[in-house]
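Each remark here refers to the structure printed beneath this line.
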Amino acid sequence: HVAGIVGAATNNAAGVASLGFPLQLIIYKVLDSTGSGSDANVAQGIDLAVQAGAQIISMSLGAAGYSQTLQAAMDFAWEHNVLVVAATGNGLGNALVYPGEGNHVLGVAATDMNNTVADFSNYGNGTKIAAPGVKVLSTLPNNSYGLESGTSMATPHVAALAGLLYMANPGLSAAAIAQRIQQTAQT
């Protein structure tokens, strides 16, 4: 669902149009089929994406509390001029959720159809931007489509924009891309 928001085939008279077409996606599976995994697996995915040449990393995942393992991986990405975009969580609060609220991360909250913070979305100091996250239509397994809600759906909206900005301006730094997104957002 989240990959389809960024990069589903577009202009083909079928399904949905992605926000980031024609961006190329590199996908690393860091969680199991139940959505569980370790900080070490997520950090390894970040490191592999950086080494593979990714410029933007989108992560629609998270867990409560600080993680030194994840922070080190996000610092590694930042040091290599790679922007990490991550969900801030669906707990309707301001509890610390990693990786979305880490340093060197563009943490994404969800907005609803009225462009207000969604009634499930986390918020707080780690939230850097908000994007549509309620009833987002995108791809699903078995060539189908469906609506999903969450900060996980808001995150690829921001990642797609970041990717398009980088594609149009390859010399921009990760910091400049994040700043441009934040400064041009509606308040």
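The values are calculated or read from the model by the stated rules, or taken from the named source; none is laboratory data. As the structure is a computational prediction, the values presented were derived from the model and not from experiment. Because the Cβ atoms are built from the backbone with ideal geometry, glycine has one as well, and the counts that use them run over all protein chains shown. In case anyone asks, the SASA skips ligands and DNA or RNA and just uses the protein heavy atoms, side chains included. Shrake-Rupley method; radii C 1.70, N 1.55, O 1.52, S 1.80 Å.
What's the total number of residues in segment 90-130 that are acidic (Asp, Glu) and either under 17 Å from Ala72 (Cβ atoms) or open to solvent by 70 Å² or more (accessible area, probe 1.4 Å) (or both)? Walk me through how you get there before you give the answer.
To start, the set of residues in segment 90-130 that are acidic (Asp, Glu) comprises 101, 112, 119.
Cutting the leftovers down to either under 17 Å from Ala72 (Cβ atoms) or open to solvent by 70 Å² or more (accessible area, probe 1.4 Å) (or both) gives us 101, 119.
Of the residues in segment 90-130, 2 are acidic (Asp, Glu) and either under 17 Å from Ala72 (Cβ atoms) or open to solvent by 70 Å² or more (accessible area, probe 1.4 Å) (or both).
Kindly indicate whether Ala175 is out of contact with any Ser or Thr (no Cβ under 7 Å at 6 or more places or on another chain), at pLDDT 95 or above and among the hydrophobic types (A, V, I, L, M, F, W, C).
yes
Here is a yes/no grid of residues against (1) under 16 Å from the mean Cα position of the chain (by Cα); (2) of a type in the set (Ser, Thr, Tyr):
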| position | (1), (2) |
| --- | --- |
| Gly124 | no, no |
| Ile129 | yes, no |
| Asn142 | no, no |
| His157 | yes, no |
| Pro170 | no, no |
| Ala175 | yes, no |
| Thr184 | no, yes |
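In segment 174-187, which residues are assigned to a loop (DSSP other than H, G, I, E, B) and surrounded by fewer than 13 Cβ atoms within 10 Å (Cβ to Cβ)? Spell out how you get there, then give the answer.
Pass one, segment 174-187, residues assigned to a loop (DSSP other than H, G, I, E, B): 184-187.
The answer is Thr184, Gln186, Thr187.
Please determine whether any residue of segment 131-141 is within 18 Å of Ala178 (Cα to Cα), touching a residue at least 40 places away in the same chain (Cβ under 8 Å) and buried (at least 17 other Cβ atoms within 10 Å of the Cβ). Reasoning before the result, please.
Residues of segment 131-141 within 18 Å of Ala178 (Cα to Cα): 131-132.
With touching a residue at least 40 places away in the same chain (Cβ under 8 Å) added as a condition, the list becomes none.
Checked against the condition, which is being within 18 Å of Ala178 (Cα to Cα), touching a residue at least 40 places away in the same chain (Cβ under 8 Å) and buried (at least 17 other Cβ atoms within 10 Å of the Cβ), segment 131-141 yields no hits at all.
If you scan segment 1-23, which residues turn out to be outside any helix (DSSP H, G or I) and either within 25 Å of Asp75 (Cβ to Cβ) or of a type in the set (Gly, Ala, Ser) (or both)? It would help to see each step written out before you state the result.
The initial filter retains those residues of segment 1-23 that are outside any helix (DSSP H, G or I), namely 1, 8-23.
Result: Ala8, Ala9, Ala13, Ala14, Gly15, Ala17, Ser18, Gly20, Leu23.
On the given criteria, is Asn12 closer than 29 Å to Ser144 by Cα, open to solvent by 60 Å² or more (accessible area, probe 1.4 Å) and in contact (Cβ under 8 Å) with a residue 40 or more places away in the chain?
Working: closer than 29 Å to Ser144 by Cα: yes; open to solvent by 60 Å² or more (accessible area, probe 1.4 Å): yes; in contact (Cβ under 8 Å) with a residue 40 or more places away in the chain: no.
Considered against the rule, which asks whether it is closer than 29 Å to Ser144 by Cα, open to solvent by 60 Å² or more (accessible area, probe 1.4 Å) and in contact (Cβ under 8 Å) with a residue 40 or more places away in the chain, Asn12 comes out as no.
Looking only at segment 125-162, which residues are more than 14 Å from Val84 (Cβ to Cβ) and in contact with a helix residue (DSSP H, G or I) (Cβ under 7 Å, 6 or more places away or on another chain)?
Once the filter is applied, which keeps residues that are more than 14 Å from Val84 (Cβ to Cβ) and in contact with a helix residue (DSSP H, G or I) (Cβ under 7 Å, 6 or more places away or on another chain), segment 125-162 yields Ala130, Ala131, Pro132, Gly133, Val136, Ser138, Thr139, Ser152, Met153, His157, Ala160, Leu161.
In segment 48-71, which residues are open to solvent by less than 50 Å² (accessible area, probe 1.4 Å) and outside any loop (DSSP other than H, G, I, E, B)?
Those that are open to solvent by less than 50 Å² (accessible area, probe 1.4 Å) and outside any loop (DSSP other than H, G, I, E, B): Ala49, Val50, Ile56, Ile57, Met59, Leu70, Gln71.
Among the residues of segment 154-173, write down those that are farther than 24 Å from Tyr123 by Cβ and open to solvent by less than 70 Å² (accessible area, probe 1.4 Å).
Quick first cut of segment 154-173, residues farther than 24 Å from Tyr123 by Cβ only: 163-173.
Matches in segment 154-173: Gly163, Leu164, Leu165, Tyr166, Asn169, Leu172, Ser173.
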